[in-house]
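The values are calculated or read from the model by the stated rules, or taken from the named source; none is laboratory data. Every value quoted in this text rests on a predicted model; they were computed, and no experiment measured them. All Cβ positions, glycine included, derive from the backbone under ideal geometry; neighbour counts span all protein chains shown.
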Amino acid sequence: MGTLFVKQTHTDVPLHNARALIVDMDGVLWRGSEPMPGIREFFRTLRGAGMPFILATNNASSTPRNYVAKLARMGVEVRAEEILTSGIATARYLAEHHDPGATKVCVLGEEGLRQPLAEAGFILTGWHKETDDWRADIVVVGKDETLTWDKLATATLNLNAGARFIGTNADTTLPMELGFTHGTGAILAALIAATGLTPSIIGKPEPIMYRQALGRLGVEPHAVVAIGDRLETDILGAVRAGIRSLLVLTGVSTEADLKRAEYRPDWVLADIEAVTKVLQGRMELD
């Protein structure tokens, strides 16, 4: 089954009494474009058990449609409503606190962030060298592979003029096939250094996205388990949201990190294949 850590306050059966899952993607289901071994069997097992799930990622660069297509290439079929990105969570959060039609937003990010903000009705601005209409009420930062000096300059000018500072997530690294590269947190760090301001974070480890996922699932927090690969986001976010968690060791966090952490997942397993075996064992017992 692989590495297993269990809190003494819980049963020694992983995923005990879980009725739904919130599953991270990068580092859990794949690394870059390479699927983790056993991904197809994992989803076949979930469907066979009738266990609902939300795939919740801090990555705001892609849309649910992109993720549906990516999983299809890996032989897995999911629906768009089973995917929640930090871009979608950010748009929903901001729409609850601002009038979209009267709010201008400067976006450092890709389609997965720009699209939900536009669909919510927010006015997306341009860059200071391209248009006179670049001033914004809010600066929202996500993963952006087209990041330029002009984009950073426009964001900095807006923040220094009083715009609200929002980050889809604060992940400083992102797992790829070749190793780890910089994440959204690295972009935020540049703006923090330039302005001295601290962004509000929507994604994990803040509980906002987990609470939105719980709302979609319609399941009480005590019956949900979050599965992730990163202690400081996936697991801490679950702790803050009041739900149980399971760490897999195929992404960012290691067993050594567990020894240093001030908080713990309820369970640790080696990989998604080990999680599948646990789920299959539960089905046999049922």
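With respect to Ala56, is the statement that it is in a strand (DSSP E or B), among the aliphatic types (A, V, I, L, M) and either in contact with a Phe, Trp or Tyr (Cβ under 8 Å, 6 or more places away or on another chain) or assigned by TED's automatic domain parsing to the domain that holds Ala241 (or both) true? So Ala56 passes the test. Do we find that Glu77 is modelled with pLDDT under 95, out of contact with any strand residue (DSSP E or B) (no Cβ under 9 Å at 6 or more places or on another chain), surrounded by fewer than 23 Cβ atoms within 10 Å (Cβ to Cβ) and outside any helix (DSSP H, G or I) in this structure? No, not satisfied. If you go through region 31-69, how many residues are free of Cβ contacts under 8 Å to residues at least 12 places away in the same chain and either under 17 Å from the mean Cα position of the chain (by Cα) or farther than 19 Å from Ile227 by Cα (or both)? Of the residues in that region, 1 qualify.
Tell me whether region 127-142 contains one or more residues that are among the acidic types (Asp, Glu) and closer than 19 Å to Ile192 by Cα. Yes, region 127-142 contains a residue that is among the acidic types (Asp, Glu) and closer than 19 Å to Ile192 by Cα. Taking the criterion of being crowded, with 16+ Cβ neighbours inside 10 Å and small (Gly, Ala, Ser), the residues of region 80-107 that qualify are Ser86, Gly87, Ala89, Ala91, Ala95.
Against the list (1) modelled with pLDDT of 95 or more; (2) assigned by TED's automatic domain parsing to the domain that holds Leu269; (3) of a type in the set (Ser, Thr, Tyr), the condition Tyr67 fails is (2). Counting only strands (runs of 3 or more DSSP E) that sit wholly inside region 172-286, those with at least 2 residues that are out of contact with any helix residue (DSSP H, G or I) (no Cβ under 8 Å at 6 or more places or on another chain) are 173-176, 179-182. The condition of being under 22 Å from Gly87 (Cβ atoms), modelled with pLDDT of 95 or more and buried (at least 18 other Cβ atoms within 10 Å of the Cβ) holds for only one of Ile192, Ile201, that being Ile201.
Filtering region 84-101 to residues that are part of a helix (DSSP H, G or I) and without any contact (Cβ under 8 Å) to a residue 12 or more places away in the chain leaves Glu96, His97. Assess whether Val105 counts as being closer than 14 Å to Arg164 by Cβ, in contact with a Cys (Cβ under 6 Å, 6 or more places away or on another chain) and at pLDDT 95 or above. Criteria not met by Val105. Restricting attention to region 23-40, the residues being at pLDDT 95 or above and assigned to a loop (DSSP other than H, G, I, E, B) number 7.
Select from region 174-189 the residues that are buried (at least 16 other Cβ atoms within 10 Å of the Cβ) and under 16 Å from Ser253 (Cα atoms) and write down the one among them that is modelled with the highest pLDDT. So the residue we want is Gly183. Checking each residue in region 102-124 for being farther than 30 Å from Ala20 by Cα and outside any loop (DSSP other than H, G, I, E, B) picks out Ala102, Lys104, Val105, Cys106, Val107, Leu108, Ala118, Ile123, Leu124.
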